[in-house]
Amino acid sequence: MPVPAISKGCNRMKRFHATLFAPLALAAAAAAFGQQITIEPAHPSSLDTVRLRYAHAGCTNGDSAQVSQEANRITVNVDRGGVSPDCGTVAGFFEEFTLGRLPAGEYDASLVVSPPSGTLGPTDLVGPIHISVARAGATRSLHPHDDYSDMWWNPREPGWALTLNQLREKLFMVWVAYDDAGKASWLVVPGGSWSRDASNRLRFAGKIYRTQGTPWQLPFDPAATRLTQAGTASFTPLDASHGIFEYTVDGVSGSKMVERFRF
């Protein structure tokens with residue numbers, strides 16, 4: 001028995017509705033399953049570099065991120081990243097987007113996650129989250145107001161690098177250079193303290209050590225690991241992307257201008 005035309009139309013309409021509302025349902029489900037944004041640091045001052053932290057399952061395309069501001073409303077737009085089996089599946093995984101230093105005041109920030117360019121899919125709106133930025137604290141504060149974690153170098157002196165890893169006030173430095181025989185040399189500053197110099201510039205300084213260990217082609221031997229103090233070193237940030245690295249190693253002192261390495 002032929003199916004009435006009205007039944008065919010209803011079936012087509014049901015399929016159309018399913019196709020139309022599936023992306024919306026996915027977006028709602030994504031918002032319901034653990035997507036959240038927070039602010040780092042949690043209580044920023046006007047000296048702090050504010051970052052929007054996005055905790056979720058999956059990845060975004062960091063190269064597509066764009067930050068815009070209208071009055072006190074800040075929006076971060078980013079494309080969803082490609083599909084990867086292990087992308088964003090580790091507990092506690094998050095991505096960060098730099099908002100920059102904000103004048104003291106009240107703000108609202110939102111994150112818009114869109115499908116990859118040239119594709120179809122749901123767009124997720126996460127937030128807004130409220131940000132209260134306090135006035136700058138005492139100028140003698142020893143609290144670093146930027147995250148200097150990165151690989152640093154001097155583009156006029158390729159071949160060596162300074163790697164910084166920072167967690168709040170803690171800083172770990174690795175200087176990858178060459179010794180007087182031309183062999184690769186690793187020197188580390190595993191800790192130290194922040195201070196301010198006579199011109200009120202923030203400075204981190206600590207003891208620098210020479211490391212030795214098991215050759216990579218041999219089984220690891222913990223007895224071969226040695227850490228010998230070679231002198232002292234310091235890092236003085238000039239701004240968020242430039243600084244001065246000073247050292248005294250084996251009685252030889254020097255100073256180098258450094259900047260973040262850009263790919």
Applying the Karplus parametrisation 6.51 cos²θ - 1.76 cosθ + 1.60 with θ = phi - 60° to the phi angles of segment 221-232, what ³J(HN,Hα) value in whole Hz is obtained for each residue in order, glycine and proline being reported as x?
10, x, 5, 7, 7, 10, 10, 10, 5, 10, x, 9
Which one of 220, 154, 204 has its Cα pushed farthest toward the positive end of the charge dipole of segment 112-231, where Lys and Arg give +1 and Asp and Glu give -1 at the Cβ?
204
Per the 1/(1 + (r/R0)^6) rule, R0 = 25 Å and r from the Cβ atoms of residue 63 and residue 172, FRET efficiency to 0.05 is 0.35
Show 151, 257 ordered by accessible area, largest first, where the area counts protein heavy atoms only and the probe is 1.4 Å.
257, 151
Put a dot 7 Å past each Cα toward the Cβ at residue 125 and residue 156; how far apart are the dots in nm?
5.1
Long-range amide H contacts for residue 101: which residues qualify at under 5 Å (H placed 1.01 Å from N, peptide plane, sequence gap of 5 or more or a different chain)?
50
Subtracting the Cα-Cα distance from 0.36 nm times the residue separation, let me have the gained length for residue 221 to residue 186 in nm, one decimal.
10.8 nm
Given the Cα atoms of segment 180-263, and with Rh set as the inverse mean 1/r over their pairs in the Kirkwood sense, what is Rg to Rh to two decimals?
1.05
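Can you give the FRET efficiency for residue 104 and residue 200, using 1/(1 + (r/R0)^6), R0 = 25 Å, r = Cβ-Cβ distance, to the nearest 0.05?
With R0 = 25 Å, the Cβ-Cβ based efficiency is 0.80.
The values are calculated or read from the model by the stated rules, or taken from the named source; none is laboratory data. Remember, predicted model here, so these are calculated numbers, not experimental data. Cβ atoms come from the backbone with ideal geometry, glycine included; neighbour counts cover every protein chain shown. Heavy atoms of the whole protein, side chains included, go into the accessibility calculation; ligands, DNA and RNA do not. Shrake-Rupley method; radii C 1.70, N 1.55, O 1.52, S 1.80 Å.
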